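So the structure is just underneath, and the comments pick up after that.
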Amino acid sequence: MRPEHFGLGAIMVLSGLLEFVRSSQDGYANIYYSAAVKSMLVSWHNFFFVSADPSGLISVDKPPLGLWLQGLSAKLFGYAPASMRVPEGICAVLAVALIYRIVAPRFGAVAGLVSAFALATFPSFVAVSRDNGVDPLLILLMLAACGAALAAIDSGRLRTLVWCGVLAGLAFNTKSLAALLIVPGIGAGYLVCAPGTLRRRIAQLAAAGVVFVVVALSWMTIVDLTPASQRPFVGSTSSNS
């Protein structure tokens with residue numbers, strides 16, 4: 001094993017310890033999300049629409065991806081505080097590995113290890129990763145989108161840029177507008193630094209943008225097209241839209 005791989009493994013173990021040791025000490029933590037997961041286990045209808053209550057009267061005020069992950073974990077391991085935290089902790093450890101994978105090829109193994117260690121021990125990152133919120137999945141998907149964008153900038157391949165759009169769209173389906181924080185930088189970076197003519201770069205960005213919009217709005221569109229009588233009221237809205 002190369003020294004940098006050993007170092008990354010040690011950092012990932014540290015991250016796992018920080019995320020999982022006594023992770024259930026706060027009980028159900030955010031009881032809004034915990035109650036929603038329990039309601040989602042009642043039926044696939046509640047699961048798909050992320051119902052906040054067992055009767056399916058109102059939905060959670062978030063897109064579904066993060067809570068779907070927690071719901072599947074609770075279905076597999078049983079409804080308990082630990083089962084809802086396991087996906088978040090795994091996402092956190094994967095994010096630590098991913099940031100190394102993004103940084104090391106460009107700035108060296110030492111910079112990659114420093115980046116991974118900094119993320120693994122950053123207090124707010126540890127705090128949200130020990131909770132049952134959706135932020136660890138959001139961070140993982142945003143990092144993955146940035147990694148795909150950098151690979152697309154290096155190669156100029158449309159396929160890689162499209163994958164970036166897919167990942168950013170999935171991040172949007174995790175915490176909506178928070179995912180847009182990475183979009184301007186990705187767009188500007190590709191426009192300025194990617195190979196090929198300016199017209200080609202603009203066309204590729206437009207294609208990837210369409211993919212992003214389709215993925216980002218897919219669940220939202222299905223919800224809006226479903227008759228109001230056949231789905232929960234959209235949480236935190238006045239117009240049920």
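Between H45 and L191, how many nm apart are label points set 7 Å from Cα along the C-beta direction?
Between H45 and L191, the simple spin-label model gives 4.6 nm.
Cα convex hull of the stretch 110-241: how many Å³ per residue?
Working: hull volume 16.8 nm³, N = 132.
Roughly 128 Å³ of hull volume per residue.
Where does the charge balance sit around F47 when Lys and Arg score +1, Asp and Glu -1, over other residues with C-beta under 15 Å from its C-beta?
Details: positive: K38, K62, K75, R231; negative: D53.
Neighbour charge sum, excluding F47 itself: +3.
Could you give the length gained on full extension between E4 and F233, defined as 0.36 nm per residue of separation minus the Cα-Cα distance, in nm?
On the way: separation 229, 0.36 × 229 = 82.44 nm, distance 5.09 nm.
Here the segment from E4 to F233 would lengthen by 77.4 nm.
Among I11, C164, M142, pick out the residue whose Cα is farthest towards the positive end of the charge dipole of the chain, where Lys and Arg carry +1 and Asp and Glu carry -1 on C-beta, about the Cα centre.
C164
Size of the dipole of the chain about the Cα centre, Lys and Arg at +1 and Asp and Glu at -1 on the beta carbon, nothing else charged, in debye to 20?
Details: 16 positive and 10 negative charges, 129 e Å.
The dipole magnitude comes to about 620 debye.
Could you state the principal axis extents of the C-alpha atoms in the chain, from the largest down, to the nearest angstrom?
In descending order, the Cα extents are 53, 46, 25 Å.
Helices from the chain with mean Kyte-Doolittle at least -1.0 and a Cα length along the axis of 27 Å or more, per DSSP H: which? Display every interim value, and only then the final one.
Details: long enough: 81-107 (39 Å, 1.10); 135-155 (30 Å, 1.77); 198-225 (38 Å, 1.42).
Sorted by number, the helices that extend far enough and score high enough are 81-107, 135-155, 198-225.
Using a 1.4 Å probe, how large is the accessible area of F117, given in Å² and rounded to the nearest 10?
Ignoring ligands and nucleic acids, F117 comes out at about 100 Å².
In angstroms, what radius of gyration and Dmax does the stretch 1-115 have, counting Cα atoms only?
According to the Cα coordinates of the stretch 1-115, Rg and Dmax are 17.7, 55 Å.
What residue among A118, L98, M84 has its Cα farthest toward the positive end of the dipole of the chain, where the charges are +1 on Lys, Arg and -1 on Asp, Glu, each on the Cβ?
L98
Which far-off residues, 5 or more places away or on another chain, put their amide H under 5 Å from the one on I58, with H placed in the peptide plane?
For I58, whose amide H was placed from the backbone, the distant partners under 5 Å are A52, D53, F233.
Which order do Y32, Y79, Y100 take by accessible area at a 1.4 Å probe, largest first?
Ranked list, largest accessible area first: Y32, Y79, Y100.
Largest first, how would W163, W68 line up by accessible area (1.4 Å probe)? Mind dumping the intermediate values first?
Details: W163 150, W68 55 Å².
Highest to lowest solvent-accessible surface, that is W163, W68.
Ordering S15, S43 by accessible area with a probe of 1.4 Å, largest first, what comes out? Working shown, then result.
On the way: S15 0, S43 40 Å².
Descending accessible area places them as S43, S15.
With labels modelled as points extended 7 Å from the Cα through the Cβ direction, what inter-label distance (nm, one decimal) is found for D224 paired with A80?
Going by the 7 Å Cα→Cβ label model, 4.2 nm.
What is the magnitude of the charge dipole of the stretch 105-241 about its Cα centre, with +1 placed on the Cβ of each Lys and Arg, -1 on the Cβ of each Asp and Glu, and no other charges, expressed in debye to the nearest 20?
On the way: 9 positive and 4 negative charges, 85 e Å.
The calculation lands at about 400 debye.
The values are calculated or read from the model by the stated rules, or taken from the named source; none is laboratory data. Please read all numbers here as calculations on a predicted model, not as lab measurements. Methodologically, a virtual Cβ is constructed for each residue, glycine included, from the backbone with ideal geometry; neighbour enumeration extends over all protein chains shown. Ligands, DNA and RNA are excluded from the accessible area calculation, which covers all protein heavy atoms including side chains. Shrake-Rupley method; radii C 1.70, N 1.55, O 1.52, S 1.80 Å.
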